[in-house]
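The values are calculated or read from the model by the stated rules, or taken from the named source; none is laboratory data. Nothing here was measured: the structure is a model prediction, and the numbers come from that model. Using ideal geometry, Cβ is built from the backbone for each residue, glycine included, and neighbour counts are taken over all protein chains shown.
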Amino acid sequence: MTENEYDVLWGTVRRTLERLRTEAPEGYTAAGEIRLADGETIEPAGVGQLNSWLYFEIDKEGDEVTLDRRIIFIPPELLARVEIRFVRTEGREIGFRVDSPRLAVVPERE
């Protein structure tokens, strides 16, 4: 992708995220998630581009600068997916999530 194409991509992601945050059902907000080619996922607070590298700011505490803040630089070819989804803002989710489905081995009947 060219620098201009990345500008269009991140602009679209930002506008979509802002729109979904205003349209989110009560108790939910929209959150962005980036999946890298190695399977790692990150939820960046900010995204940018420096020459041919992408960078993501990750801060677990929101806008306040904390010791948990990280800035990750990656080459663009490692970007696998950008996902925007609704997440709970209050209460606790009931149930479970399967991140890596496994095949169950069922013994044959005799």
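Taking only region 19-52 into account, find how many residues are among the acidic types (D, E), in contact (Cβ under 8 Å) with a residue 12 or more places away in the chain and loosely packed, with under 12 Cβ neighbours inside 10 Å.
1
Anything in region 43-59 that is in a loop (DSSP other than H, G, I, E, B), under 16 Å from M1 (Cβ atoms) and small (G, A, S)? List them, or say none.
S52
Can you tell me which condition Y6 does not meet? The list is (1) at pLDDT 80 or above; (2) surrounded by 15 or more Cβ atoms within 10 Å (Cβ to Cβ), and all the others hold.
Among (1) at pLDDT 80 or above; (2) surrounded by 15 or more Cβ atoms within 10 Å (Cβ to Cβ), the lone unmet condition for Y6 is (1).
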